[in-house]
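Contents: one structure, followed by commentary.
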Amino acid sequence: MRTASAPISVLFVCLGNICRSPTAHGVFAKLVADRGYQQAIIVDSAGTGDWHLGHAPDQRTTQVAAAKGYDLSGLRARLVSAEDFAEFDYIIAMDKANLKDLRAMQPDHYSGHVGLFLDFSGQSERTEVPDPYYGEEDGFELVFDLVEDASAGLLQHIEASHPEVQQR
Ligand code: 4NP
């Protein structure tokens, strides 16, 4: 159970934790830092699949992010776990399959928010961040653009629902 003085914590979840959720992790963390909220909002990412545990993000992901000024090279893939529901106030899925897996793990008493990232997006065309792994380079650009847009929306939502973040 969170207290009013505890930081708000946000976990981004995708399948491999090497493309979409690390992008969200890096972009949202920079947004948080740029607003001076580093003490107030904690950011992490994880995957539902275990193929890439301990690996850095996919090179195509790090390259697209680097071109936009984000360094994702220090991130390492990990699995989402039941303990994450005790740690995180927001557990944010990139697609509906991730969300289904999270719902299956979610304890009955979890009082945080589990939902789709693009619910916080300003665009309404897409509801999911598409898995770019087996696709072309432009899929990684699309992921980045969707993530940037939804990150701004998520931060606005957190500022509105937890105004105390602005006072830390
Ligand atoms: P992500 O992309 O879920 O955005 O990290 C994927 C990465 C790896 C695999 C699938 C999706 N894979 O099958 O290994």
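Where does the chain land at 222 nm, in deg cm²/dmol rounded to the nearest 500, when only DSSP H runs of n ≥ 4 count, each adding -39500 (n - 2.57), divided by all residues?
After summing the helix terms and dividing by residue count, I get -12000 deg cm²/dmol.
Would you please state the base-10 log of I(q)/I(0) at q = 0.16, 0.23 1/Å for the stretch 1-70, with intensities from the Debye formula using one equal scatterer on every alpha carbon?
Summing over Cα pairs of the stretch 1-70 leads to -0.60, -0.99.
Select from the chain the helices, each a whole stretch of DSSP H, whose alpha-carbon atoms run 27 Å or more along the helix axis and whose Kyte-Doolittle mean is at least -1.0; answer none if there are none.
137-161
If I histogram all Cα-Cα distances within the chain using bins 5 Å wide from 0, what percent of pairs lands in each bin?
Percent of pairs per bin, in order: 1, 9, 19, 22, 22, 15, 7, 2, 0.
Report, by chain and number, residues whose modeled amide H sits under 5 Å from the one on Leu116, excluding near sequence neighbours (fewer than 5 apart, same chain).
Placed amide hydrogens put Ala93 under 5 Å from Leu116.
Between His109, His52, His25, where does the largest GNM mean-square fluctuation fall for the chain, given springs only between Cα atoms within less than 10 Å?
Comparing His109, His52, His25 in the GNM, the peak value goes to His109.
Treating the beta-carbon of each Lys and Arg as +1 and of each Asp and Glu as -1, no other charges, what is the dipole magnitude of the chain about its Cα centre, to the nearest 20 debye?
380 debye
Taking only the C-alpha atoms, wrap a convex hull around the stretch 45-118 and report its volume per residue in Å³ as a whole number.
Taking the convex hull of the Cα positions in the stretch 45-118, it is 108 Å³ per residue.
Over the stretch 1-64, what is the mean sequence separation of C-alpha contacts under 8 Å (at least six apart), divided by residue count, expressed as relative contact order in percent?
45 percent
By per-residue mean of other Cβ atoms within 10 Å, what is the highest-first order of 91-104, 33-46, 64-77? Present the calculation step by step, with values, prior to reporting the outcome.
Details: 91-104: 19.5, 33-46: 17.8, 64-77: 16.3.
Ranked by mean Cβ neighbours within 10 Å, highest first: 91-104, 33-46, 64-77.
Where a number appears in this text, it was derived from the coordinates with a stated rule and is not lab data. Computed from a predicted model, the values in this text were never measured in an experiment. Note: ideal-geometry Cβ built from the backbone for every residue, glycine included; neighbour counts use all protein chains shown.
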